[in-house]
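The values are calculated or read from the model by the stated rules, or taken from the named source; none is laboratory data. The shown structure was predicted, so the numbers you read here are calculated from the model rather than taken from an experiment. A quick note on method: Cβ atoms are made from the backbone with ideal geometry, for glycine too, and the neighbour counts reach across all protein chains shown.
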Amino acid sequence: MGEPMARNIAAAGFETRAWNRTREKAEQLAEHGATIADSPADAVSGADIVLTMLADGSAVESVMTEGGALEAMGDDALWIQSSTVGIAATERLMQLASDRGVAFVDAPVLGTKKPAEDGALVVLASGPEDARQRAQPVFEAISGRTISVGDAGAGTRLKLVVNSWIVDLLGALAETITLAEKLDISPDLFFEAISGGAMDAPYAHVKGAMMLKGEFPPSFPLDLALKDVRLVVEAARENGTELELAQTVTRLFERASEQGHGDEDMAAIYHAVANT
């Protein structure tokens, strides 16, 4: 996600520096006008805006503290945090920014690899209004639209709500296709039956096509979806709610990962249902 986002930021005319733990993965950005930094501190030194897009909260925290990025940021710099890290980690990162005295915008995004490449993500922006306004040109470079959610942290909470819908839908879709196959009904007939009606969902057609082909090129890896659904369950539990459906979907993702599908697209949750 970070690579196409950085490419689109550079294409929008911003002087862009990029850093990745595996340098080779970032080097192709040089062809698009970005400078590849040797360290997080080098990447952010002198920057007006710093954007983090990493796998989880511990990775973000490590880069910003042990990697020296937070200390190397200018006092007037703005930190846009777009990784999906959950509520507790977001609060820790907000506190780090506050302690350092830099502005912080919590801005996770909706979308996977293709929307990121097309600059068509949806940004869920939360934080001080003036900071969100400063971040808006960057949001316009990476997204099709921005939803302003409120105070910092609200973007992450909304992302968890949306992720709950996405992963539950995937679990239901995997079971529906498997049931059709067990009942000797072509799953294509299921998609025909719902097509264009109130029950239809374009996302079901996209992920369902992968399940029917048995091919799962990663648009969003299953292991990252597993991380995300665990954050959903954790957030619900911390706020006094047990999401039984999300817990069941978590087990399906875990089973698919144990079966060796963690690096495939999250639609590979199908294996956890079909291969039992």
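For every residue, the table says whether it meets (1) among the basic types (Lys, Arg); (2) buried (at least 18 other Cβ atoms within 10 Å of the Cβ); (3) at pLDDT below 95; (4) touching a strand residue (DSSP E or B) at 6+ places or on another chain (Cβ under 7 Å).
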residue	(1), (2), (3), (4)
ALA89	no, yes, no, no
GLN95	no, no, no, no
ASP99	no, no, no, no
ARG145	yes, no, no, yes
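Yes or no, residue by residue, for (1) outside the structural domain of ILE269 (by TED's automatic domain parsing); (2) touching a strand residue (DSSP E or B) at 6+ places or on another chain (Cβ under 9 Å); (3) not in a helix (DSSP H, G or I):
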site: ALA180; (1), (2), (3): no, no, no
site: ASP188; (1), (2), (3): no, no, no
site: TYR203; (1), (2), (3): no, no, no
site: LYS207; (1), (2), (3): no, yes, no
site: MET211; (1), (2), (3): no, no, no
site: ALA236; (1), (2), (3): no, no, no
site: GLU242; (1), (2), (3): no, no, yes
- Residues located in region 211-262, provided they are under 20 Å from ALA88 (Cβ atoms) and among the hydroxyl-bearing types (Ser, Thr, Tyr): THR241, THR250
- Can ARG23 be described as touching a residue at least 24 places away in the same chain (Cβ under 8 Å), on the phi < 0 side of the Ramachandran plot and basic (Lys, Arg)? no
- Query: Only one of these conditions is not met by PHE139: (1) in contact (Cβ under 8 Å) with a residue 24 or more places away in the chain; (2) surrounded by fewer than 19 Cβ atoms within 10 Å (Cβ to Cβ). Which number is it?
  - Reply: (2)
- Message: Could you list, ordered by first residue, the pairs with Cβ atoms under 7 Å in which the first is in region 90-111 and more than 14 Å from GLY57 (Cβ to Cβ) and the second is among the charged types (D, E, K, R) and assigned to a helix (DSSP H, G or I), at least 6 apart or interchain?
- Response: VAL105/ARG132
- Message: Can you find, within region 112-137, the residue that is modelled with the lowest pLDDT among those that are farther than 22 Å from SER98 by Cα and in a helix (DSSP H, G or I)?
- Response: LYS113
- Note on the structure: Filtering region 194-225 down to residues that are free of Cβ contacts under 8 Å to residues at least 40 places away in the same chain and within 17 Å of the chain's Cα centre (by Cα) yields TYR203
- Query: Does at least one position in region 156-166 carry a residue that is more than 23 Å from ILE87 (Cα to Cα), among the hydroxyl-bearing types (Ser, Thr, Tyr), modelled with pLDDT of 95 or more and out of contact with any Gly (no Cβ under 6 Å at 6 or more places or on another chain)?
  - Reply: no
- Note on the structure: In region 204-236, anything of a type in the set (Asp, Glu) and under 16 Å from LYS113 (Cβ atoms) is listed as GLU215, ASP223, ASP228
- Name the pairs: first residue in region 37-59 and within 24 Å of PHE220 (Cβ to Cβ), second residue basic (Lys, Arg), Cβ to Cβ under 8 Å, at least 6 apart or on different chains? ALA55/LYS227; ASP56/LYS227; GLY57/ARG92
